[in-house]
Amino acid sequence: MSMLGDKVQPNVNVVNLFWTVMTRLLIRTEAGPEIGMGHFMRCFALAEEARARGVAVVFLINEISDTVRTRCESIGASAEIVTGFDMLPVEAGDRVVIDSYKATAAYISGITAPVAVIDDLENLDRYDCAVIVNPALAARAETYTGKTSARLLLGPQYALIRQEFRSVVTPEAEPFVAITLGGSDPAGLTGPAARHIHEVLTDMSLRVIAGPANRHIDELRASGLPRMELFVAPPSVAEVLAGARLVVVGAGGSLNEVAAMGLPGLAVVAYDNQQAELEACPFPVVDARAGLQEDFGERVRNLATSPERLDANARHAHAMIDGLGTKRVVDALFSAGGARNDPLSPRAGRGLG
């Protein structure tokens, strides 16, 4: 396995130098137009934290898009294309993160290094790993009873937030509503959402964020909405969002980022695997699995024009998601013992760590 990007950052201290020499973080994940960028982006948050500690990072991913390549280069990580789920070769001192809906219990069990599984679906019959990360508000320890002895990192305090969302400065700006519905938006909801909002909020501008894998970018550019500004794969999503009156956000990792920034949000559930957000979400929720309803624009206007509701919305969400989850997860994984299923502590429960 190549070691591209395994170079020490200039600010690495003596303690972290040992990790740089002895340890790699291998991240097995996926990204693309159909899968979206959510898995990669939350893994990138872990990669940022690991690199800041001097740990070499290797992404093992199904395809290397320009976004993946640029992100990896920005932190001195490497990426290799891996399409199957065969045995993962590891070296002494390695740690592994698995973030893929295709990873099976047998695949995870066969990895002879401490593994952190990022678990959204809760659908495996066993988890032979050191750490399970499930940042959903509805995550419960009982889900894993009898399936694992791993350390359980459950709840929004373990949401994986990238550095840019933890350090952004809020500028003075004219009121605007932002729309960010994921890196690829397979359901194609960004354009309809923008039109609904543009129609009802006639005195407010729109900032629309689209990822490079979004297949509807040409349609968005041709939408003809005079108060809409389109940002395609901006270098810093956080800078685009900073100062927003309201963020209309997909019910995925972006939701946690908005909450960590202390911004008010309206969550859009577009897929069945986001259904849990309908019952447990720090923001008000719109169910758009069958498309946006006719009253969507009115819901946005009612929220965006109520300062009291916006303030309560933002405070509630930020109290749940403080942006430090990435650090907590990396601490737990690198505190794990040397065996693949040798967690630091035999305890297992909600929010341990």
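When residues in segment 224-268 are screened for being among the β-branched types (V, I, T) and either touching a Cys at 6+ places or on another chain (Cβ under 6 Å) or closer than 21 Å to D203 by Cβ (or both), 3 of them pass.
For segment 280-304, residues that are in a helix (DSSP H, G or I) and within 28 Å of G155 (Cβ to Cβ) total 2.
Results for (1) among the hydrophobic types (A, V, I, L, M, F, W, C); (2) touching a residue at least 40 places away in the same chain (Cβ under 8 Å), shown as yes or no for each residue.
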| position | (1), (2) |
| --- | --- |
| D203 | no, no |
| R215 | no, yes |
| V232 | yes, no |
| V237 | yes, yes |
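Is it true that A193 is out of contact with any Pro (no Cβ under 9 Å at 6 or more places or on another chain), closer than 25 Å to H39 by Cα and not in a loop (DSSP other than H, G, I, E, B)? For A193, the condition - out of contact with any Pro (no Cβ under 9 Å at 6 or more places or on another chain), closer than 25 Å to H39 by Cα and not in a loop (DSSP other than H, G, I, E, B) - is met. Would a scan of segment 136-143 turn up a residue that is touching a helix residue (DSSP H, G or I) at 6+ places or on another chain (Cβ under 9 Å), free of Cβ contacts under 8 Å to residues at least 60 places away in the same chain and over 22 Å from V285 (Cβ atoms)? Within segment 136-143, none of the residues are touching a helix residue (DSSP H, G or I) at 6+ places or on another chain (Cβ under 9 Å), free of Cβ contacts under 8 Å to residues at least 60 places away in the same chain and over 22 Å from V285 (Cβ atoms).
The sole residue among G183, G191 that is touching a residue at least 40 places away in the same chain (Cβ under 8 Å) and either in the same structural domain as I118 (by TED's automatic domain parsing) or touching a helix residue (DSSP H, G or I) at 6+ places or on another chain (Cβ under 8 Å) (or both) is G183. The condition of being of a type in the set (S, T, N, Q) and surrounded by 17 or more Cβ atoms within 10 Å (Cβ to Cβ) holds for only one of T202, T180, T170, that being T180.
The values are calculated or read from the model by the stated rules, or taken from the named source; none is laboratory data. This is a predicted model, so every value here is computed, not measured. A quick note on method: Cβ atoms are made from the backbone with ideal geometry, for glycine too, and the neighbour counts reach across all protein chains shown.
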